[in-house]
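Some notes on the structure that comes next.
The values are calculated or read from the model by the stated rules, or taken from the named source; none is laboratory data. Treat the numbers as computed from the prediction; the structure is a model and nothing was measured. FYI the Cβ positions are ideal-geometry reconstructions off the backbone, even for glycines, and counts take in every protein chain you see.
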Amino acid sequence: MHEEILKREHKAEKQRKEEMRYDQMDCLLLAGEEKTERTIPVCETVFPEKFADLNAVREVLLTPEKQVYALIAPAFMGQFGEGVSPGAIRAALKRAGFSGMVEVAVFADILTLKEALEFDRHVNRDTDFLLTSCCCPVWVSMIRNIYGELVPYMPGAVSPMIAAGRAVKKMHPDAVTVFIGPCLAKKKEAKEPDICDAIDVVLTFQETAMLFEAMGIAPQQMEEDASEHSSGAGRIYARTGGVSEAVVRTVEQLHPGRKIAVRPMQADGGKACKQMIEAIQEGKTEANFFEGMGCVGGCVGGPRALLPREEGSAYVDHYGKEALYQTPLENPYVIELLEKLGFSTVEDFLEKSDLLTRHF
Ligand code: SF4
């Protein structure tokens, strides 16, 4: 009986949220100003607090002297329409007034390399293990707030979103950084005191689609503005198992035939993450690398994705296979970027990096 009531409440809440989403979209579209390429219709009267992030982006896009960069999450493939390429999304964002689009997958590549080096350093006996720390704020919060005894097994690293924001700001100190992804938790992560220097605004895919729609921009009709640099490893971060696969491949390349290989285990969704942690605590797993994702399916199952997670996952896998390079070690752009960011040795990369390191 109690379960029945909970189910009904959940369904009603879901429906209420869905209705609100459409209300918001109508409101955004109806409250339109005269449309020009740099004018974004916006609702300032009906749901102002719901549009705080869209309004913030609108304001900077309307300020011609501002450089505004879109940092797009690895889950973006397929989200803005069938067959819409990364180049077309870049063109659409530039039409909206952004100065450029950076694929956060490139920074997932860089964090993969860091995680692989951390594994190499810390896992040398059969009983050693590591938790991945980098990409999901829900997983990271769970470990920090509920399972503090496991924090020493989670090397301090920022997420690819934070690394991307910091890198853009290092190269363009006055730039405004806007992260675009399927996640609501990223809005909170961007405001955490020790990392709040990286990202100015977080927009969801849904908010970005509303922005395009309100400005009359159709990504599927845009000309190609191609400039992809990520490798397969960074591209598959967006779905469950992607981080583990990326680290397995990279560790194998770093040390072929390493005595202790990466034995990954993944969990997605809160319940499964909790079960995986209990398995670690009770010594009921042989794995030595644990990846947790807050959403079922990983980021492709994020709360503000535009596609069903299976479709999103298929797009992500396809894009991963299309990459010219499969790991960050093979990718000359990643190596060049690391040099540009001031990393010349492995020690710099692991220890002295204000850009990538975080203290939990
Ligand atoms: S798995 Fe979900 S909560 Fe975690 S980063 Fe991805 S979208 Fe956000």
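Observations on the model:
- Residue, farthest from the ligand (Cβ to nearest atom), within the range 122-135, restricted to residues that are hydrophobic (A, V, I, L, M, F, W, C) and modelled with pLDDT under 95: Cys134
- Checking each residue in the range 278-296 for being more than 9 Å from the ligand (Cβ to nearest atom), part of a loop (DSSP other than H, G, I, E, B) and crowded, with 16+ Cβ neighbours inside 10 Å picks out Ala287, Asn288.
- Any hit, the range 66-83, residues being part of a helix (DSSP H, G or I), within 16 Å of the ligand (Cβ to nearest atom), at pLDDT 90 or above and of a type in the set (Gly, Ala, Ser): yes
- In the set (1) in a helix (DSSP H, G or I); (2) of a type in the set (Val, Ile, Thr); (3) within 16 Å of the ligand (Cβ to nearest atom), the condition left unmet by Ile335 is number (3).
- Residues of the range 108-157 satisfying the condition of being among the charged types (D, E, K, R) and closer than 20 Å to Gly257 by Cα: Lys114, Glu115, Glu118, Asp120, Arg121, Arg125, Asp126, Asp128
- If you go through the range 168-189 and pick out every residue that is more than 16 Å from the ligand (Cβ to nearest atom) and either modelled with pLDDT of 95 or more or part of a loop (DSSP other than H, G, I, E, B) (or both), you end up with 9.
- Matching option when the condition is in a loop (DSSP other than H, G, I, E, B), among the β-branched types (Val, Ile, Thr) and under 21 Å from Tyr325 (Cα atoms), among Thr250, Thr240: Thr240
- Counted residues, the range 190-206 - those being part of a loop (DSSP other than H, G, I, E, B), within 16 Å of the ligand (Cβ to nearest atom) and surrounded by 18 or more Cβ atoms within 10 Å (Cβ to Cβ): 4
- Among the residues making up the range 118-137, those that are surrounded by 19 or more Cβ atoms within 10 Å (Cβ to Cβ) and either assigned to a loop (DSSP other than H, G, I, E, B) or aliphatic (A, V, I, L, M) (or both) are Val123, Phe129, Leu130, Leu131, Thr132, Ser133, Cys134, Cys135, Cys136.
- No other residue among Leu350, Leu324, Leu356 is under 16 Å from the mean Cα position of the chain (by Cα) and farther than 26 Å from Gln206 by Cα apart from Leu356.
- Residue satisfying condition, being over 28 Å from His122 (Cβ atoms) and either surrounded by fewer than 18 Cβ atoms within 10 Å (Cβ to Cβ) or free of Cβ contacts under 8 Å to residues at least 24 places away in the same chain (or both), within set Glu351, Glu322: Glu322
- Verdict on Val262 being modelled with pLDDT under 90 and away from the ligand (no atom under 16 Å from the Cβ): no
- Ala279 vs. criteria in contact with a Ser or Thr (Cβ under 8 Å, 6 or more places away or on another chain) and at pLDDT 95 or above: yes
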